[in-house]
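Here's the structure we're looking at; comments come further down.
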Amino acid sequence: MGIFQKSNSDNIQAKPLEYWEEQSYMIIPCNSAEEVINETIFDRISSVDGVTVKTCHMLSSDTPGQAVIDYDGEEYRIAFYPEKFEVPDIRIKEQFFSDEELSALKNREEAVTVFMPFKADSQRSYHLQLKLAVALVPDMVGIYDESAEKLLSPRWVKMAAESRILPSPDSLYTVQAVSGKGTDIWLHTHGLCRCGLSELEILQSNRENIDRHYELISHLASMMINKQTSPDDTEGFYIGKLTGDMPLVVTTRPWTEGLKYYKNLKLGGLNDRENGHNTKTSLIFIYKNEQDEENKVISKITDYDGQWGDNPLLFLSNQETDRMKALARERFGLVKKAFENGMTNVLIKIGLAIDEQYRNDDNDNQKEHIWFELLGFHDDTFRARLIQDPYWIDGIREGWEADFTVNDITDWRIFTEEFPISPEAAYLIAYQ
């Protein structure tokens, strides 16, 4: 019998974290590891803006190279070593690779692994690790983020490293979907443990509801990274509203406890955890009402199947909306360049002041964020046409035109024949 094949789940114990869960591991393919790890490596680390090397040790036959660095006033410990490289078997690539990039990736046989523990601000730690990777291998062909089981595009990495803005929370993890012989789908994350958080899971999803469940687990993971904490049995997270303004309050339970609420699991049960998903990972549950939350009565996510509606409202933190707005403005120059090069199907979200009679504490910064069609540029301004009626602004309607500046922008999209391009995906046009 396997180590977890027991009829009584009360005795289940979580296993210790794996090395890629304790720290953040990134594998950087290169032409020659020896050309990366040499006497100049600490100078290249020092070249990262904001970094000062305090102590350093070159690798030996039995220990990795190490450095203690100061990054904008906070101390980090990083380490590195060479290894052989082979493209991992990842069926779904979250980021786009051109045929040339994939070919270059497959032709690399060596790599340098850089690993480090994250500080309390996981996004900042991740940003630093990307910057270090670019400094070590400027001509990189990609990165395998081992902790998140994700391949990173070289264009995305370079653009993120150069940015003043922190990477998005969803850059730090992946959500994987595993299906078995039946209809069940098991959703689970990779990458949250290195942030000091628990990985997340939804059991007994299915094809009909997987999109909503995927959206939920992703949204909760990003919120946890923003808050640097997880919902638990003492307090749930109010993360959105479903049909009829039904509140969506979620909580989590460690998998060793959460499995007790599932009987006859076909996927994600004890047998599926003998060689993984058995360390720090939690199942997502819901509180259906205030009384349930007070009494710690939890229900399965699947109890809400059929109640998501067409457009459930999931909340974003002020921290994340500010980050998204800053990124849209930072990369708006790419929109102008694309527009002038013939990519004219562009929408821009603008924040407009709402009318006095509609103002209350629920309105974010007393502005309504609404989509416009980009019409053209003139010096430092651009002209745009409103494509929808506002809710809280009288006197303007769909079709209204006005001139704006970059400081009015909160988001944008460039629509191509293949896919829409957002500020997060600007790497798709940045180096063309």
query: Mind checking whether some residue in the stretch 110-132 is touching an Asp or Glu at 6+ places or on another chain (Cβ under 6 Å), buried (at least 21 other Cβ atoms within 10 Å of the Cβ) and over 30 Å from residue 254 (Cα atoms)?
result: yes
Looking across the stretch 60-79 at residues that are modelled with pLDDT under 95 and not hydroxyl-bearing (Ser, Thr, Tyr), the single one that is farthest from residue 125 (Cα to Cα) is 62
How many residues of the stretch 378-395 are more than 17 Å from residue 366 (Cα to Cα) and touching a strand residue (DSSP E or B) at 6+ places or on another chain (Cβ under 8 Å)? The answer is 9
Filtering the stretch 397-430 for residues that are more than 22 Å from residue 324 (Cβ to Cβ) and either free of Cβ contacts under 8 Å to residues at least 12 places away in the same chain or not hydrophobic (A, V, I, L, M, F, W, C) (or both) leaves a count of 7
All conditions in (1) buried (at least 17 other Cβ atoms within 10 Å of the Cβ); (2) within 16 Å of the chain's Cα centre (by Cα); (3) under 14 Å from residue 301 (Cβ atoms) are true of residue 215 except (1)
Of (1) of a type outside the set (S, T, N, Q); (2) more than 17 Å from residue 236 (Cα to Cα); (3) at pLDDT 95 or above; (4) within 25 Å of the chain's Cα centre (by Cα), residue 312 satisfies every one except (3)
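Going by what's in this entry, would residue 319 be described as surrounded by fewer than 17 Cβ atoms within 10 Å (Cβ to Cβ), part of a helix (DSSP H, G or I) and either outside the structural domain of residue 405 (by TED's automatic domain parsing) or in contact (Cβ under 8 Å) with a residue 40 or more places away in the chain (or both)?
Numbers: surrounded by fewer than 17 Cβ atoms within 10 Å (Cβ to Cβ): yes; part of a helix (DSSP H, G or I): yes; either outside the structural domain of residue 405 (by TED's automatic domain parsing) or in contact (Cβ under 8 Å) with a residue 40 or more places away in the chain (or both): yes.
The answer is yes for residue 319.
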Of the candidates 279, 302, the one satisfying the condition of being part of a helix (DSSP H, G or I), in contact (Cβ under 8 Å) with a residue 12 or more places away in the chain and either touching a Lys or Arg at 6+ places or on another chain (Cβ under 9 Å) or β-branched (Val, Ile, Thr) (or both) is 302
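Quick check: anything in the stretch 22-45 under 23 Å from the mean Cα position of the chain (by Cα), within 23 Å of residue 156 (Cβ to Cβ) and at pLDDT below 95? Full working, then the answer.
Taking the stretch 22-45 as the starting set, the residues that turn out to be under 23 Å from the mean Cα position of the chain (by Cα) are 22-29.
This time we only want the ones that are within 23 Å of residue 156 (Cβ to Cβ), so: 23-29.
Pick out the ones that are also at pLDDT below 95 and you get none.
Scanning the stretch 22-45, I find no residue that is under 23 Å from the mean Cα position of the chain (by Cα), within 23 Å of residue 156 (Cβ to Cβ) and at pLDDT below 95, so the answer is no.
So for the stretch 325-346 (the condition being within 23 Å of residue 397 (Cβ to Cβ) and surrounded by 17 or more Cβ atoms within 10 Å (Cβ to Cβ)), does at least one residue qualify? Steps first, please.
Restricting attention to the stretch 325-346, the residues satisfying the condition of being within 23 Å of residue 397 (Cβ to Cβ) are 345-346.
So of that shortlist, the ones also surrounded by 17 or more Cβ atoms within 10 Å (Cβ to Cβ) come out as 346.
Scanning the stretch 325-346, I find at least one residue that is within 23 Å of residue 397 (Cβ to Cβ) and surrounded by 17 or more Cβ atoms within 10 Å (Cβ to Cβ), so the answer is yes.
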Here, strands (runs of 3 or more DSSP E) confined to the stretch 65-137 with at least 1 residues that are closer than 20 Å to residue 172 by Cβ and without any contact (Cβ under 8 Å) to a residue 40 or more places away in the chain are 74-84
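Out of all the residues in the stretch 167-209, which are among the hydrophobic types (A, V, I, L, M, F, W, C), more than 11 Å from the chain's Cα centre (by Cα) and part of a loop (DSSP other than H, G, I, E, B)?
Step one: list which residues in the stretch 167-209 are among the hydrophobic types (A, V, I, L, M, F, W, C), which gives 172, 175, 177-178, 185-187, 192-193, 195, 197, 200, 202-203.
Subsequent filtering for residues that are more than 11 Å from the chain's Cα centre (by Cα) retains 177-178, 185-187, 193, 195, 197, 200, 202-203.
Once the filter is applied, which keeps residues that are among the hydrophobic types (A, V, I, L, M, F, W, C), more than 11 Å from the chain's Cα centre (by Cα) and part of a loop (DSSP other than H, G, I, E, B), the stretch 167-209 yields only 197.
Among the strands (runs of 3 or more DSSP E) confined wholly to the stretch 335-419, which include 2 or more residues that are β-branched (Val, Ile, Thr)?
Numbers: elements: 346-353, 367-378, 381-386, 401-404, 409-415.
Because the criterion is at least 2 residues that are β-branched (Val, Ile, Thr), the strands (runs of 3 or more DSSP E) in the stretch 335-419 that meet it are 346-353, 409-415.
The values are calculated or read from the model by the stated rules, or taken from the named source; none is laboratory data. In this text the structure is predicted, and so the values were computed from the model without any measurement. So basically every Cβ, Gly included, is an ideal-geometry build from the backbone, and we count neighbours across all protein chains shown.
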